[in-house]
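Chemist: Got a structure for you, written out below as structure tokens; questions coming shortly.
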Amino acid sequence: MLEPKLKAKRWDLKFEEDLLEQWAREPELYAYDPSRGPTYVIDTPPPYPSGEWHPGAVIGYSLIDMVARAQRMLGKAVLFPFGLDRNGINIERTVEEKYGKLLHEWDRGEFIEKCREEISHIGEGILVIARRMGMTMDFANTYYTDADDYRAYSQAIFIDLFHRGLFYRGERPSFYCVYCETPLAEADIVYEPKASQLAWIRFPLDGGGAVTIATTRPELLAACRTVIVHPDDERWRTAVGKTAKVPIFQQGVPVRTHPEAKVDFGSGAAMICSYGDMVDVRLFREFQLEPVKAIDERGRMTDAAGRYAGMEVERAREAVLADLKSAGFLEKLEQVEHQTPLCERSRTPVEFLVSEAWYLKQLEFRDRLRTLANEMEFHRPAIGNFSSIGSTPSRSTGRSAGGGTITRRSRCGTARRAGTSSPPRRGSTTGHGGTRPPSKRAQSAAAGSSSARTACSTRGWTRATRTSGSPAIGRMTHSSRRTSRRPSGRRAPISCGHGSTTPC
């Protein structure tokens, strides 16, 4: 292992070890205790143990932990759960590669046990780093998404929604990886430029003539259900409204206009099949076409592909092109490069396959959600304002986003109009970051202001106060009222560390 070139001069890791040991002796230090004050819940997605926790993820969770600490200092009872998402394809691929055995060749119970073995030490590494960073999650109650109690809880929610009629079974096209043999989320897909062949294929028209389509997926001819041309494309105007015969498979499909057809790509005419890309998915829904499943979950052609059934996609593509050429339907092949969707893990091309799955009804709640969103008030804190601890409300100079009033002040202590974002100029007499300290007039104004604030003599920081009573940072309220009041009560001051007894 490489040794760092820079040696620590001012920091002793022994201090960290002693501090961690002290925290370990106080397991209730950051535990959720509702008696401490109003509950503040931080709902964070559990990280997925796919390897060592990288610095970006650690920093992200550290920022969330800063919010937790701030809310505790504000007198809140913070509920900050922490868990590990131990379900996923990444760990399945790890086990497959380690043992040289594909998922579907395993006994289910044995495979799950191997996955748990592999992911346990990875997950423990994340917990160790989180503790070493001093994060204040509820580690005593760490949860795991593959635990029996967690599974039972999620299944209970599913059953409840099912009995309420909100789940239904249906067939829909989805992203699918034929190597991993699993549907994919859009986040699991990457796009990379890939070389391909654009085939110009002539479709004969009933009554004479032909329309030439251009496609990179000739193996999907069996699933073609219509041909589209652009409304402004003069080349194919006479073909619109006629029926075209699909070469080799001989089904008749209508030729129609649609703006999705690209005049400047290929021949300008495109076949719409189930499914080559997202355009196909959208237009099948728009035209209410009946899909044909030409590719199965193993990446092989189905019986709908006729004599090409059982072939892998690439092999079927070559065979179809050869047959089109020998039958005189292939006009030419053009070498192109286009963005190809790939499975992030296997790096194999993504297919769009129809599969049966459970779906949760959502659209019927859309209007209600919009109503609730319009009733919510989002209180944005003033710049430099984290609380009004130990202060008296000052005269406001602006309105907050939630309807309250805000006083904003520059770092040197001089007030500026709310809503302006320009900081003091460097080198001016109104800023501490320039070449001169503030003038005596500015110091006098800062000392004699009627607004409640405390200036830090070392850095020239100033605390502005919020008079609207808006909740603290990170809090969202739902209320139909347009004004709110600050709860009564004052909290103990906190030292800024620069000689002031109240926060900067």
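The values are calculated or read from the model by the stated rules, or taken from the named source; none is laboratory data. If you're wondering where the values come from, they're calculated on a predicted model, not measured in any experiment. So basically every Cβ, Gly included, is an ideal-geometry build from the backbone, and we count neighbours across all protein chains shown. Each accessible area value is taken on the protein alone, full model and side chains, heavy atoms only, with ligands, DNA and RNA left out. Shrake-Rupley method; radii C 1.70, N 1.55, O 1.52, S 1.80 Å.
Chemist: Which residues, taken from region 75-97, are closer than 11 Å to Pro49 by Cα, open to solvent by 30 Å² or more (accessible area, probe 1.4 Å) and assigned to a helix (DSSP H, G or I)?
Modeler: Correct list: Asn90 only.
Chemist: Can you tell me which residues in region 321-342 are open to solvent by 40 Å² or more (accessible area, probe 1.4 Å) and either under 26 Å from Ala185 (Cα atoms) or among the hydroxyl-bearing types (Ser, Thr, Tyr) (or both)?
Modeler: If the condition is that a residue be open to solvent by 40 Å² or more (accessible area, probe 1.4 Å) and either under 26 Å from Ala185 (Cα atoms) or among the hydroxyl-bearing types (Ser, Thr, Tyr) (or both), then Ser326, Glu337, His338, Gln339 are the ones that fit.
Chemist: Quick check on my filter: what residues within region 31-46 are farther than 11 Å from Pro81 by Cα and more than 28 Å from the chain's Cα centre (by Cα)?
Modeler: Scanning region 31-46 gives Asp33, Pro34, Ser35, Arg36, Gly37, Pro38.
Chemist: Would you check if Leu63 is aliphatic (A, V, I, L, M), at pLDDT below 90 and open to solvent by 30 Å² or more (accessible area, probe 1.4 Å)?
Modeler: Answer is no for this residue.
Chemist: Taking region 285-320 only, how many residues are surrounded by fewer than 17 Cβ atoms within 10 Å (Cβ to Cβ), in contact (Cβ under 8 Å) with a residue 24 or more places away in the chain, of a type outside the set (Asp, Glu) and within 20 Å of Tyr179 (Cβ to Cβ)?
Modeler: 1
Chemist: Right, here's the next one. Restricting the first residue to region 12-26 and requiring it to be of a type in the set (Asp, Glu), which pairs with a second residue that is surrounded by 11 or more Cβ atoms within 10 Å (Cβ to Cβ) meet a Cβ separation below 7 Å and a spacing of at least six or different chains?
Modeler: Close Cβ pairs (under 7 Å, with a partner that is surrounded by 11 or more Cβ atoms within 10 Å (Cβ to Cβ)) do not exist here.
Chemist: Between a first residue in region 166-183 that is assigned to a loop (DSSP other than H, G, I, E, B) and a second residue that is open to solvent by less than 30 Å² (accessible area, probe 1.4 Å), which pairs have beta carbons less than 7 Å apart while being 6 or more apart in sequence or on different chains?
Modeler: Final answer for the pair search is Val178/Gly299; Val178/Glu351; Tyr179/Cys343; Tyr179/Ser346; Cys180/Cys343; Cys180/Ser346.
Chemist: Let me ask you something else. Only one of (1) under 19 Å from Leu221 (Cα atoms); (2) touching a Ser or Thr at 6+ places or on another chain (Cβ under 7 Å) is not met by Arg282, so which one is it?
Modeler: Just one mismatch for Arg282, condition (2).
Chemist: Separate question: With respect to Asp160, is the statement that it is of a type in the set (D, E, K, R), more than 14 Å from Ala57 (Cβ to Cβ) and at pLDDT 90 or above true?
Modeler: Yes: the conditions hold for Asp160.
Chemist: So, one more: Given the structure, is Asp12 farther than 30 Å from Glu181 by Cα, modelled with pLDDT of 90 or more and out of contact with any Phe, Trp or Tyr (no Cβ under 8 Å at 6 or more places or on another chain)?
Modeler: So Asp12 does not fit the description; no.
Chemist: Here's a follow-up. Take region 198-233 and flag every residue that is touching a residue at least 60 places away in the same chain (Cβ under 8 Å) and either of a type in the set (Val, Ile, Thr) or open to solvent by 20 Å² or more (accessible area, probe 1.4 Å) (or both).
Modeler: Hits for region 198-233 are Trp200, Ile201, Arg202, Thr212, Thr215, Thr216, Arg217, Arg225, Thr226.
Chemist: While we're on this one: Give me a count of the residues in region 184-205 that are part of a helix (DSSP H, G or I) and touching a strand residue (DSSP E or B) at 6+ places or on another chain (Cβ under 8 Å).
Modeler: 2
Chemist: Could you list all residues from region 98-151 that are open to solvent by 40 Å² or more (accessible area, probe 1.4 Å) and at positive phi?
Modeler: Gly100
Chemist: Take Arg72 and tell me if it is modelled with pLDDT of 90 or more and either within 22 Å of the chain's Cα centre (by Cα) or in a helix (DSSP H, G or I) (or both).
Modeler: Taking the combined requirement at face value, the residue satisfies it.
Chemist: Please go through region 98-117 and pick out each residue that is within 18 Å of Ser50 (Cα to Cα) and either in contact with a helix residue (DSSP H, G or I) (Cβ under 8 Å, 6 or more places away or on another chain) or not in a helix (DSSP H, G or I) (or both).
Modeler: Passing the criteria: Lys98, Tyr99, Leu103, Phe111, Lys114, Cys115.
Chemist: Inside region 251-276, can you point out the residues that are open to solvent by 20 Å² or more (accessible area, probe 1.4 Å) and within 17 Å of Gly208 (Cβ to Cβ)?
Modeler: Gly252, Pro254
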